[in-house]
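The values are calculated or read from the model by the stated rules, or taken from the named source; none is laboratory data. Please read these numbers as outputs of a predicted model, since none were measured by experiment. Remember, those area values only see protein heavy atoms, side chains included, never the ligands or the DNA or RNA. Shrake-Rupley method; radii C 1.70, N 1.55, O 1.52, S 1.80 Å.
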Amino acid sequence: MKGFTSLLALLALSATALAWSWPAHVVIYMIARNELGWDELDYVDELIEEAKDPSANYPNVFEIAGWADEVRSQKDALYSTDSHFFNQLYCDGVSPKAVKAKTDYEHNVVQAVIESLKTLKSKGSSKENKSYMMRYLIHMVGDMHQPLHMSTRCTPNKLLCDKGGNSFLVNAGPKTQNLHALWDQAMMEIPYSRRPLNKASIDLYLSLIHISEPTRPLYISYAVFCLKKKKKKK
């Protein structure tokens, strides 16, 4: 119980067209793991492994953060694309407090997080169900940290909206792309690495935690210790 509560709180403090690129999800999850104690890390990792799902057979503990994007197109996926964003309207010249959230879908990312927590807290839920919900929770809280997953800009009359930046084109580097896609790439600040992640890529992503937090003491992160610990167990 304490494990997923700590994870949610720390994810909330962490800094495809409708989803963060998976490296961004990995880095957000690394930041959260970096602050968890050993008991919380063991709880989260053991719960994730509870559901014997070939689609989640990753060579390291970090890549599970992208799992929900990989399965969302499957017919039996619990949360589809709709559950990865929330349309809070931002209208020019109108106070945000005066604009109600608008969603045309039965599910959205806020509801997905609430449902995940409800299952994780339930004494009647099986460990397998909790395993899936832990994976969704890790991913969905990451999605909520992408500003354009949580808002869409509209005209004051709300007739035209930019679909979370998907309809707003910008020149970025050698090509033109939409603003949402640019944000998904963390403004191109997080280098893309092929999967599965090798040691060099993991070390690179871990280093970004310290680069983004210059006031943090320069000590080796818990995430690095965690990797070493997992190897020793095997």
Show which aspartates and glutamates lie in cross-link reach of LYS163 when reach means a straight Cα distance below 16 angstrom and same-chain residues fewer than eight apart are skipped.
ASP82, ASP92, ASP104, ASP143, ASP184
What part of the accessible area of the stretch 140-187, given as a whole %, is carbon or sulfur when the probe is 1.4 angstrom?
63 percent
Using 0.36 nm per residue of separation minus the Cα-Cα distance, give me the extension gain between GLU189 and ILE114 in nm, one decimal.
24.0 nm
Largest-first ranking of CYS161, CYS91 by accessible area, probe 1.4 Å, whole protein assembly kept, is CYS161, CYS91
Taking amide H positions as placed 1.01 Å from N in the peptide plane, with prolines and chain starts having none, which residues 5 or more places from ALA172, or on another chain, fall under 5 Å of its amide H?
GLN177
So which of LYS121/LYS199; LYS123/LYS199; LYS97/LYS130; LYS97/LYS118; LYS118/LYS175 end up more than 31 Å apart, counting from Cα to Cα?
LYS121/LYS199; LYS123/LYS199; LYS97/LYS130; LYS118/LYS175
I need the phi-derived Karplus couplings for the stretch 180-195: 6.51 cos²θ - 1.76 cosθ + 1.60, θ = phi - 60°, integer Hz, Gly and Pro marked x.
4, 5, 5, 5, 4, 8, 6, 6, 6, 8, 9, x, 8, 10, 6, 9
